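Working notes, structure below.
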Amino acid sequence: VKQTKQSVLEEARARANDYTLTEEEVILQNAASESPEAEQVIQKAALLLRMRDGMGSLARILKTIDNYKGCVEHLETRPSQISGVQFDALVKVSMTRINLLQLIRALRQSTSFAGVNLLSDNISNKTPWFPRHASDLDNCNHLMTKYEPELDMNHPGFADKEYRERRKQIAAVAFAYKYGDPFPAITYTETENATWQRVFNTVLDLMPKHACREYKAAFGKLQAAEIFVPHRIPQLEDVSNFLRKHTGFTLRPAAGLLTARDFLASLAFRVFQSTQYVRHANSPFHTPEPDCIHELLGHIPLLADPSFAQFSQEIGLASLGASDSEIEKLSTVYWFTVEFGLCKENQQLKAYGAALLSSIGELLHALSDKPELRPFEPSSTSIQPYQDQEYQPIYYVAESFEDAKDKFRRWVSTMSRPFEVRFNPHTERVEILDSV
Ligand code: HBI
Ligand code: NLE
Ligand code: FE
């Protein structure tokens, strides 16, 4: 007698006396109940946990998995979109079927979780864990709370009420932005334009000697297009249109310092998330946080360079579906290349990192004899702790963009992701190529 899938499901649920079982769990339960040997078969599984509280529950999850002799193969967390849930955690485990069933029950008993779900281990059609289309970046706007004018007493805006109000207003504009909206134009104040002008003029002075040739070439084009002028801050719309013509990169307004996962994901779509507020007038030559002066004078010129744009996108593509520890490594590589990279040019040392080119203070420090210089090598660079409040004590030197890209590609291919991704520029979609 042929049974329908539905009736098989119902039977299994009845046997398990548990009507909350998902289809995947029923399959698991049936497989495990075949024989005592079948119970002991090692099974790979992906669990999605909705964590009501902070990251503290993560330790509990790992401990519980350990209690059931499970092995964690991948762990991924991100702030949840669900109200009442702080984080979603995706945990991939391998363990015996019987222990897996018990683990799920044990986790379900904890009030820390608003949901504990077993997913099929085929990540490509079951886990919406990363943006697949440029419009999904509307969900990639989670901020890190670090060095904010509201919270950090060392921030020059901490005691400046007017500055804080202005920041809030500009951040609200970025939060409201959705894919396809026209770019919000900001009418910059005289003070803001004056801060830009001070930085702009020092960059003009130092660039001929210290910036890499690709930066100088693109900078010249931005001046020729009258996007880069001393007396006013460029608008995102003009900059985005310029980039699109050169490398297909476009911009999106960002409210502040984004989580590394969200920030890197956008690069996969050749989208650069750009802040629109301006650093405080009292600290024009160095600030630890990104602001539009950093984005514009630091990042934009090289995003107009084809080879560099490709490198940036590849870091982004490597981040999609990566584990938390891999994200940490990728953002460290990003830090020591895109932000603080030095390179060689005819035996001379030049800056290509955006945070050097937007901070005259740090640029001169990087090229002085004070810091330690090391050759860029992704496997060691990716685990080097870095300094995000003061000048760096260590910089990494690339032979060239092409060489950095080659080394990066070889290193990425050793990462553990069980699938490949490819960006389709016609649909703005990331396609997944299963390697299993
Ligand atoms: N967010 N808005 C913004 N701009 C950045 O440059 C930036 C970020 N978040 C993280 C980040 N940079 C890097 O430090 C890496 O962690 C990717
Ligand atoms: N320190 C940089 C600057 O002052 O322009 C900004 C760094 C952003 C990561
Ligand atoms: Fe930056």
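The values are calculated or read from the model by the stated rules, or taken from the named source; none is laboratory data. Please read all numbers here as calculations on a predicted model, not as lab measurements. We place every Cβ from the backbone using ideal geometry, glycine too, and count neighbours over all the protein chains shown. Each accessible area value is taken on the protein alone, full model and side chains, heavy atoms only, with ligands, DNA and RNA left out. Shrake-Rupley method; radii C 1.70, N 1.55, O 1.52, S 1.80 Å.
At a Förster distance of 60 Å, what's the computed FRET efficiency of E39 paired with E190, Cβ-Cβ distance as r, to 0.05?
The value I calculate is 0.20.
Give the angle, between 0 and 90 degrees and rounded to the nearest 10, that separates the Cα long axis of helix 56-67 from the longest principal axis of the Cα atoms of the chain.
With both axes taken from Cα atoms, the answer is about 40 degrees.
Normalized C-alpha radius of gyration of the chain, against 2.2 N^0.38 Å?
1.11
Quick one, what does Rg over Rh come out to for the stretch 103-237 if you take C-alpha atoms and the Kirkwood Rh?
With Rg and the Kirkwood Rh in hand, the quotient comes to 1.13.
Could you check the spin-label model distance between K178 and K344? Points 7 Å from the Cα along Cα→Cβ, value in nm.
Those two pseudo-labels are separated by 5.2 nm.
Just read off the accessible area of R213 with the full protein assembly in place, 1.4 Å probe, to the nearest 10 Å².
140
Give the residue list of chymotrypsin sites (Phe, Trp or Tyr not before Pro) in the stretch 269-337 that are DSSP loop and have at most 11 other beta-carbon atoms within 10 angstrom.
Nothing satisfies the criteria.
If you fit an axis through the alpha-carbon atoms of helix 23-32 and take the longest principal axis of the Cα set of the chain, what angle between them do you get, 0 to 90°, nearest 10?
It is inclined by approximately 50 degrees.
Based on DSSP H runs of at least 4 residues, each adding -39500 (n - 2.57), what is the mean residue ellipticity at 222 nm of the chain after dividing by all its residues, to the nearest 500 deg cm²/dmol?
Mean residue ellipticity at 222 nm (helix-derived): -12000 deg cm²/dmol.
Between H231 and H133, 0.36 nm times their residue separation minus their Cα-Cα distance comes to what?
My answer for the length gained is 31.6 nm.
For the chain, which whole-number percentage of the solvent-accessible area (1.4 Å probe, protein heavy atoms only) is attributable to carbon and sulfur atoms?
51
Quick one: helix 401-412 against the long Cα principal axis of the chain, what's the angle to the nearest 10°, folded into 0 to 90?
Between the helix axis and the principal axis of the chain, the angle is about 10 degrees.
Using a 7 Å offset from Cα along Cα-Cβ at E377, what residues in the stretch 333-367 end up with backbone N under 19 Å from the label point?
Answer for the stretch 333-367: 333-337, 341-344.
Accessible area per residue of the chain at 1.4 Å probe, in Å²?
47
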